[in-house]
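What follows is one structure encoded as structure tokens, with my remarks underneath.
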Amino acid sequence: MFATRTNWNLAENRLTLALAEHRRSGRPLFDLTLSNPTECGFTYDESAILAALHSSASLRYEPAAQGLLSVREAVAAYYRQNNANISAADLFLTTSTSEAYSYLFRLLCNPGDEILVPSPSYPLFDFLADINDVRLIRYPLLYDHGWQLDLSSFEGAITPRTRAAIVVHPNNPTGHYTKSTEQSQLSALCAKNNLAIIADEVFLDFALQGIAAPTFAVQNAALTFTLSGISKLCGLPQMKFAWLSISGPANLKNDARVRLEVIADSYLSMNAPIQHALPALLATPFTFQSQLLTRIRANLAALDEQLAAQSQCSRLAFEAGWNVVLRVPAAASDEELALALLAQQSVLVHPGHFYDFSQDGYLVLSLIVPEKNFAEGTHRLVKYFSE
């Protein structure tokens, strides 16, 4: 009865089952995977956010395939504040970056076509690809005193069925930006091979040193689609507001725009209250971002202090985002290590394979966990590997 594309293994994995049992036991839990900002103790401008949703304009139905022009102009203004000149005409509003990915997969791919995706990276891509009948082909990211793009392996992964390449900037979970030289090289390589670039920039603003890398939205060598939204930017995932921008050669950009208009017009998924609220919501992120970056820096400092007192574990270089990667002794698989940490230390972490690390010995921690819980959880983690 059901499409083969939905034949996923839906059985709960061992870590999920162990976590459910741990919660039932009533034992304390130090959750180092917590990534929902609304559950992390940050202070929001409640009155401003709620007031933004009270616009009487929301009582009118104004269908617009790309989203309301005034709202797209507010998004374009956000880019101008970050030294990127983006036209409202090149923006499409969506309810999530996941929806934006689906639009782009439908725009660029026939069933069975291929999209290049970085490894390590976020696991959601697999499901989005399955739903849209697209094959994902991994290209490796290399680590040598910092993460870098392996352009030779990237080029070797291109086949006649390759249609686009995804770049996560900064990457999740590695927390590294695609360097400006890499952006230029990647754009030239994709243009040469008639490939589009899909740049996921939801964590772009969260730079450890306070200075974000340049956006892909100003790249023009190859047809480029840049994705972002307020889920991370403003810490408001429940508001369901994202966008994609188009850049690149004028002929390709214009052709992509008219085709995307048909796709977007077929759904008209953006609701009026959130659209009308967006200009006000985009005025709120700075307090949230300041709080979050303060916590990230504090948690990193606490982690580094604990790591400096031992020699078994280390953390990989980190530039931006909400996660950090630990290198730990590969005495067992990452899943077994995560299970042991939960059972013996009441600490929950993500095993590296969850993010498509090709080898064991990697764990991923969220840096937005409340500081007290993060300090105790990482103390227990380091203790486990030092015993």
Cross-link reach list, lysines versus K232, counting only Cα pairs under 18 Å and skipping chain neighbours closer than eight places:
K240
So, with points 7 Å from each Cα along the Cβ direction, the H379-E73 label distance in nm works out to 5.5
Hey, what do the phi angles of segment 378-387 turn into as Karplus ³J(HN,Hα) couplings, whole Hz, using 6.51/-1.76/1.60 and θ = phi - 60°, x for Gly and Pro?
6, 4, 5, 4, 4, 4, 4, 7, 8, 7
Plugging the Cβ-Cβ distance of Y61 and S87 into 1/(1 + (r/R0)^6) at R0 = 25 Å yields, to the nearest 0.05, a FRET efficiency of 0.45
Structure-derived P(r) over Cα pairs in 20 Å bins from 0, in percent: which label, when the choices are (1) 23, 39, 22, 14, 2; (2) 27, 57, 16, 0; (3) 30, 57, 13, 0
(2)
For the chain the mean separation of alpha carbon contacts under 8 Å (6+ apart) over residue count, i.e. relative contact order in percent, is 24
Please work out the Cα center distance from segment 94-143 to segment 62-92, rounded to the nearest Å.
24
Please work out how much length the chain gains when fully extended from N254 to H22, using 0.36 nm per residue of separation minus the C-alpha to C-alpha distance, in nm with one decimal.
78.1 nm
Proximal lysines to K383, defined as alpha-carbon separation beneath 23 angstrom and excluding residues fewer than eight positions away on the same chain
K372
From phi via Karplus (6.51, -1.76, 1.60), per-residue ³J(HN,Hα) for segment 111-124 in Hz, x at Gly/Pro
x, x, 5, 10, 10, 7, 9, x, 9, x, 5, 7, x, 4
Let me know the volume per residue of the alpha-carbon convex hull for segment 260-387, in Å³.
173
Using 0.36 nm per residue of separation minus the Cα-Cα distance, give me the extension gain between A280 and N36 in nm, one decimal.
85.7 nm
Can you tell me the order of 157-163, 367-373 when each peptide is scored by its average per-residue count of other Cβ atoms within 10 angstrom, highest first?
367-373, 157-163
Whose amide H sits under 5 Å from the amide H of A165, counting only residues 5 or more places off or on another chain, with H placed in the peptide plane?
L116, A196, I197, I198
Given Cα positions, please report Rg to Rh for segment 26-74, the hydrodynamic radius being the Kirkwood one.
1.22
Mind pulling the angle between the C-alpha long axis of helix 250-265 and the longest principal axis of the chain? Nearest 10 degrees, somewhere in 0 to 90.
80
How large is ³J(HN,Hα), in whole Hz, for each residue of segment 81-90 in order, when computed from phi with the Karplus curve 6.51 cos²θ - 1.76 cosθ + 1.60 and θ = phi - 60°, using x for Gly and Pro?
5, 10, 6, 10, 8, 10, 7, 4, 5, 9
Measure nothing but the geometry: give the 0 to 90° angle between the long axis through the Cα atoms of 14-25 and the longest principal axis through the Cα atoms of the chain, rounded to 10°.
70
For Y139, other-chain or 5+-apart residues with amide H closer than 5 Å (H placed, Pro excluded) are V117, S119
Taking 7 Å along the Cα-to-C-beta vector as the label spot, tell me the N220-T159 distance in nanometres, rounded to one decimal.
3.5
Could you check the spin-label model distance between D45 and S333? Points 7 Å from the Cα along Cα→Cβ, value in nm.
4.8
Cα centroid of segment 1-50 to Cα centroid of segment 244-317, whole Å:
20
Rounding to the nearest 10 and keeping the result within 0 to 90°, find how far the Cα-based axis of helix 97-108 lies from the longest principal axis of the chain.
50
Provide the FRET efficiency to the nearest 0.05 for the S358-D304 pair, computing r from the beta carbons and using R0 = 41 Å.
0.95
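A short reminder: the numbers here are calculations on the coordinates, not readings from a lab. Keep in mind it's a predicted model, so treat the numbers as computed, not measured. Here the Cβ is made from the backbone with ideal geometry for all residues, glycine too, and neighbour counts use every protein chain on show.
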